[in-house]
Amino acid sequence: MKNFLLILALIPGLFLAEGLAREPEELIVFTSPTCKECMEIKEEVLPLVEKEFSGRIRVRTLDISQIENYKLLLELKERYASSAENILPVFYFKGRFLNGRGGIEKRLWAFLNESMDAPAPAAPSGPGAGSDLAAYFNTFKPLAVAGAGLVDGINPCAF
């Protein structure tokens, strides 16, 4: 009888220990090797994030010039119905997105703190077949493609 009572007394402690030993949440940062701001974020900001949120956030950077990483970005945006623009770097954390538009360092801390406190939104259920890149690129209008080509041709970073 004493053993039974001892085991019964230990059960709540086991559940408490399980709750404390959670896996850290994953922050995915989509970058490009040609993006200057991406490199600065990777070298200067992400180490601070890892230090500040040690044990609570694990950072993973993915290069979108690799097709599988780009497809993952599109799939996540589709799954969570995100309208965030693909302005690099793009941060994904707990079903939320933040892009690299202006003042990213300050906005990143607020984004992470708000997301840590909020429950992760449930992903809509569906087949999850992945993004169809051909269908995605077919949504681009010819004028937009021509304009992007013109801007890239003038961009000195492209050289």
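FYI, it's all coordinate maths here, none of it is from the lab. Everything numeric in this text was worked out from a predicted model, so none of it was measured. With ideal geometry, Cβ positions are generated from the backbone for all residues, glycine too; neighbour counts draw on all protein chains shown.
Per-structure values
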| quantity | calculated |
| --- | --- |
| Integer Hz, Karplus 6.51/-1.76/1.60 couplings in order for the stretch 63-76, x for Gly and Pro | 8, 6, 6, 8, 4, 5, 5, 5, 4, 4, 4, 5, 5, 5 |
| Burial ranking of peptide ranges 98-111, 81-94 (average Cβ count within 10 Å, highest at the top) | 81-94, 98-111 |
| Sequence-distant residues sharing a close amide H with Leu88 (under 5 Å, placed H) | Gly100 |
| Set of aspartates and glutamates with alpha-carbon distance to Lys71 below 14 Å, sequence-local pairs under 8 removed | Asp63, Asp132 |
| Nearby aspartates and glutamates by direct alpha-carbon distance to Lys94 (threshold 17 angstrom, same-chain neighbours under 8 apart not counted) | Glu23, Glu25, Glu26, Glu50, Glu75, Glu78, Glu114, Asp117 |
